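First the structure, in the form of structure tokens, and then the observations on it.
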Amino acid sequence: MATDSMNDDHQNHQGEKIKTCQPDGDRLAALIEFAAAAGHEINNPLAVILGRAQLLLNREKDEAKRQSLETIAGQAMRIRDMIGDIMLFADPPPPSRQMIDVSHVIPKLVEKVTGALQHQSNRVLPQLSIDLPEQLELNADVNQFQIVISELLRNALHPSTEASQVLLRIDDEPDDSSVVITVRDNGRGLTEQEAAHLFDPFYSGRQAGRGLGFGLCKVWRIVKMHQGTIAVEDNDSEAGISVRINWPNR
């Protein structure tokens, strides 16, 4: 039986009501099995479509037909990227752990993520603040760690959050046993429906960007493989939500 629960409403010592959303382990385990099978089945015919479209494109001289083939190939590659997300959620590679310098990795990653978002949306992003220790090493797969941070930032910076400020904070516990990663925004918070399905892949009944697709479930999968935990808190006395990850460092 899974120890995770989807929603847990509680009050702190000041009487503020805090809604905590955590992954449902049983439901996600079933979805992992489905996603693995679906990903393999879709990938095979997709490879044929993409290969034939590119082959025809190389031979075609007519400009109108080339545009049609480019559209087909482009959409097929888009599906291929989606399948990649499915397979990363369903069957990720085992972490190749090493000690990484967080203060070195994070600034470059933040610049890459924010630059891509600005290019895609051509809008002013929420103000992003970074709070890191001067020196902090983390035991993690560097690529998977970057995926986690990237997905959290994309969600928090998306227009659907209606946030004007976002904070990324990383702290190490006094005994160096774990690292706490927090991403907090001051946006609109979560609806009841969003809270109930926050970690679900394939769920399309929410606004785009707030956990849509495989963002948060990929994060959960990677954090779980590193023996960590993740929870999302929505405090009714404050704006926005806070995503908190406890990442073991030994």
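Quick notes
- Whenever a residue of segment 38-52 is over 15 Å from Arg78 (Cα atoms), its partners that are assigned to a helix (DSSP H, G or I), lying with C-beta atoms within less than 7 angstrom and at least six residues away or across chains, give the pairs Ala38/Ile86.
- The condition (being surrounded by 15 or more Cβ atoms within 10 Å (Cβ to Cβ) and free of Cβ contacts under 8 Å to residues at least 60 places away in the same chain) is satisfied by just one residue among Val110, Val102: Val110.
- Counting residues in segment 157-171 that are outside any strand (DSSP E or B), touching a residue at least 40 places away in the same chain (Cβ under 8 Å), closer than 17 Å to Glu111 by Cα and in the same structural domain as Ile241 (by TED's automatic domain parsing) gives one or more.
- If the condition is being within 19 Å of the chain's Cα centre (by Cα) and over 20 Å from Asp172 (Cα atoms), then segment 90-107 contributes Ala90, Asp91, Pro92, Pro93, Pro94, Pro95.
- In the set Arg154, Arg184, only one residue is surrounded by fewer than 19 Cβ atoms within 10 Å (Cβ to Cβ), touching a residue at least 40 places away in the same chain (Cβ under 8 Å), basic (Lys, Arg) and under 23 Å from Gly240 (Cβ atoms); that residue is Arg154.
- Qualifying residue in segment 47-69 (condition: closer than 30 Å to Lys224 by Cβ, part of a helix (DSSP H, G or I) and at pLDDT below 80): no
The values are calculated or read from the model by the stated rules, or taken from the named source; none is laboratory data. Since we're looking at a predicted model, the values are computed, not measured. Ideal geometry is used to build each Cβ from the backbone, glycine not excepted, and the neighbour counts take in all protein chains shown.
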